[in-house]
Amino acid sequence: MNWDDARLFLAIAEEGSFRRTAIKLNLGHSTLSRRIESLEENLGVQLFNRSTTGLTLTPSGEEMVDTAKIVSSEFDQLKVRLFGRDQLVKGRIVLTLPGILLNHLIMPMLVEFQKKWPEITLEIITGFEKLDLNAKEADVAIRLTSNPDEHFIGRCLGSFHQAVYASQYYLDSYLAAKGEAAHQWIRPGEASVFDYTLARPYESPLPIESSLIVPDINAQMEVAIAGRGLATLPCFMGDPCPDLVRLSSSKLRADIWLLSHKDLRNHKRMQLFRAFICEKFEGFQGLLKGDETTFVENVP
């Protein structure tokens, strides 16, 4: 049996559609159909029942799904183990992390790392989707969490805090209104990955009667800089910004964890990368916690 054809079969079984699978794998629908028909012919069994309402697995197809999942999992684990034996200080490291950390904190670290080890290529995948380290979708992850997956090796890089920020222009405008206008609060919205607790008006030290909803955290910062209201931001974003004034003490939000697969514990490139990132974060603990900035109290 051709394993590539078996992989395609498993993908179709999981998607339940030739069309969706073709789009996901960037293959032609007719090519995918021919591959499965050839697989069925070689095995001498029918794997799918095809009808106008869609695909369903035959008993033979269901049995093959169970086996294919086991083989796929074993193959993924084998790739990780073999990669973990590579001791060359060159090659590729795939890093996944939230864009907010890359843009406001980690990018200079990665630039310095590549200057130090120019033969190591960093592939960076940003986003909050948790890529599967077991399936080798990424080699190392930096995640905002207080409950890291216990199946991975990892180290807490620190705890990031948040605080309330506004532009001086906004504060001057509010004072000019002599308290007659309500504070504008820039909130992340219920669907936001960052559910900042300080964004809830009843927890704010300031009187709040109206608000703006801006889901993206970078956009929240830009809206605050533009003088449109108060925003709760990570201290590592707000404190270094010369266009914002901090209005509250800092409050713990979550931990930052560096995670990788346990089979990569002794991998040379990974050892270098983990040690480098951990060392660099040691110098950013004050910024993460918001310890180094005074804040304006008693804002009207």
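The values are calculated or read from the model by the stated rules, or taken from the named source; none is laboratory data. Just so it is clear, the structure is predicted and the values come from calculations on it, not from any experiment. Backbone-built Cβ (ideal geometry, glycine too); neighbour counts: all protein chains shown.
Go through region 254-268 and give me each residue that's modelled with pLDDT of 85 or more and crowded, with 19+ Cβ neighbours inside 10 Å.
Answer for region 254-268, where residues must be modelled with pLDDT of 85 or more and crowded, with 19+ Cβ neighbours inside 10 Å: I256, W257, L258, L259, S260.
Just name the residue that is farthest from F48 (Cα to Cα) out of those in region 9-24 that are surrounded by 15 or more Cβ atoms within 10 Å (Cβ to Cβ) and among the aliphatic types (A, V, I, L, M).
Going through the qualifying residues, I end up with A22.
Answer yes or no as to whether V71 is of a type in the set (V, I, T) and part of a helix (DSSP H, G or I).
The answer is yes for V71.
Kindly list the number of the only condition in (1) surrounded by 18 or more Cβ atoms within 10 Å (Cβ to Cβ); (2) modelled with pLDDT under 75; (3) within 27 Å of the chain's Cα centre (by Cα) that fails for A224.
(2)
Applying the selection to region 1-16, what residues are of a type in the set (D, E), under 12 Å from R35 (Cβ atoms) and within 27 Å of the chain's Cα centre (by Cα)?
Residues satisfying the conditions do not exist here.
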